[in-house]
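> Handing you a structure now.
The values are calculated or read from the model by the stated rules, or taken from the named source; none is laboratory data. In this text the structure is predicted, and so the values were computed from the model without any measurement. All Cβ positions, even for glycine, are placed from backbone atoms using ideal geometry, and neighbour counts span all protein chains on display.
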């Protein structure tokens, strides 16, 4: 017998959404498959890597180990909620903290949760905070620096440089 | 992707409702607290309950509060909250320290104290996918009848991998269980039993609701953990020490060593110490005795010889820290 679907209401990135879920679906599955928010990555899918970290009621948690049905009425924030102008995204960009990019959404959301609590976290606090997020490129140095820079509201070595020009808007070629 | 098997979720709003549900659903139901242990195990096909009872809504089981001369910690208090609680850090330091080193930060925000106390035992032949276990003909703990750790072994020796267990025993804490017959209190030392297949005395239909830690003047406690990385990993060895002092001299000492087999082990040499020994506290003698008493098995990762030698190192480190705090 197929599992009975349950209607789930939750707030995702500022939007109230209602989605039909199976009781055995994780929040990660619902975000990626149900809501097509594929920014949140699936790594190990058993809580070892931190790639699926999202903010649940403001706290960084693992979406792969959260049953979707237990999120009724709760507030979820994923990497899609961060814009290009977000100081954290900008700092990751300026410090080259992205590397292959797979751990980046999880790192960003963990860092978002940290900066909401600590205005200017020390390097030690940052390392503690991201200790549940694995980066297999092992590019932890730039990630720690980027989070520290975002916390201090500065743009690292690029402080003196002008902001990159906005991307040209795309126009359909004339026939 | 590791899909979960199909099940029905129940979300009771009170302890009474949860206990009634467990009685109604029978052995086909499992309790879900933080989900950081049950869900990965379910994804590996280790459990396939027809019903999952989520304790998410039991707000009454969250929080650390002082009741007379005991600290009562609700079972649904997150490990992060236990680690950050000023009361726990003051009166149950070993427990706060243990909670602070469980898994990674995300696990501690999701995982609860009750869940960690009821953590399933772990073994390199058990915590694997169904495919992996099947290739080896399964094992004593799940679906098979041979033990791959102890040749010819008839009893499962999977390791108690909960950080808080050793601390709870060392602190002489009491586990509070609520079942159909009412409330049952068990000393933490009796809550854990030497059977890797099921290493707690929690009966079918019972719900762990709280941990009561006695508050005593002159008490210090510490926790030491061995793991490969500084985060995420389960313990390869754990040591909790409790030292009671009165008028400047030690009155009682307890050393609990875990992540060896299914039941955390109380160091016999520490219990036998007389008043004269306690006054001098022979750290090196105790560390040597611990090395002789403990024999790690190849049940969890990490070289067995290394884990055995680290028994002495960790006991020495823990005792040194406890005496410097006292």
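> Could you count how many residues in region A:3-16 are over 17 Å from residue A:63 (Cα atoms) and in contact (Cβ under 8 Å) with a residue 12 or more places away in the chain?
Final tally of qualifying residues: 6.
> Just one of (1) in contact (Cβ under 8 Å) with a residue 60 or more places away in the chain; (2) more than 14 Å from every other protein chain (Cβ to nearest Cβ) trips up residue B:90, so point out which.
(1)
> Quick one: which of A:35, A:28, A:55, A:62 is in contact with a helix residue (DSSP H, G or I) (Cβ under 6 Å, 6 or more places away or on another chain) and more than 10 Å from every other protein chain (Cβ to nearest Cβ)?
The conditions single out A:55.
> Quick check on region B:138-147. Is at least one of its residues touching a residue at least 60 places away in the same chain (Cβ under 8 Å) and under 21 Å from the mean Cα position of the chain (by Cα)?
For region B:138-147, residues touching a residue at least 60 places away in the same chain (Cβ under 8 Å) and under 21 Å from the mean Cα position of the chain (by Cα): present.
> Considering only region A:46-70, how many residues are assigned to a loop (DSSP other than H, G, I, E, B), closer than 29 Å to residue B:50 by Cβ and in contact with a strand residue (DSSP E or B) (Cβ under 8 Å, 6 or more places away or on another chain)?
Of the residues in that region, 3 qualify.
> Next question, about the same structure. Scan region A:116-139 residue by residue and report those that are within 14 Å of chain B (Cβ to nearest Cβ) and surrounded by fewer than 18 Cβ atoms within 10 Å (Cβ to Cβ).
A:116, A:117, A:118, A:124, A:125, A:127, A:128, A:136, A:138
> Would you check if there is a residue in region A:146-163 being modelled with pLDDT of 80 or more and within 14 Å of chain B (Cβ to nearest Cβ)?
Looking through region A:146-163, at least one residue is modelled with pLDDT of 80 or more and within 14 Å of chain B (Cβ to nearest Cβ).
> Continuing with the same structure: Determine which single condition residue B:177 fails, assuming it passes every other condition in (1) modelled with pLDDT of 95 or more; (2) part of a strand (DSSP E or B); (3) touching a helix residue (DSSP H, G or I) at 6+ places or on another chain (Cβ under 8 Å).
It fails just one condition, (3).
> Taking into account only those residues within region A:1-13 that are at pLDDT 95 or above and either within 14 Å of chain B (Cβ to nearest Cβ) or assigned to a loop (DSSP other than H, G, I, E, B) (or both), which is surrounded by the fewest Cβ atoms within 10 Å (Cβ to Cβ)?
Within region A:1-13, the match that is surrounded by the fewest Cβ atoms within 10 Å (Cβ to Cβ) is A:7.
> Continuing with the same structure: Quick check on my filter: what residues within region B:1-30 are in contact with a helix residue (DSSP H, G or I) (Cβ under 8 Å, 6 or more places away or on another chain) and either part of a strand (DSSP E or B) or more than 9 Å from chain A (Cβ to nearest Cβ) (or both)?
Within region B:1-30, B:9, B:10, B:12, B:14, B:15, B:29, B:30 meet the criteria.
> Can you go through B:60, B:130, B:48, B:100 and tell me which one is surrounded by fewer than 22 Cβ atoms within 10 Å (Cβ to Cβ) and at pLDDT below 95?
B:130
> Within region B:154-172, can you find the residues that are under 12 Å from the mean Cα position of the chain (by Cα) and part of a loop (DSSP other than H, G, I, E, B)?
Within region B:154-172, B:160, B:161, B:162 qualify.
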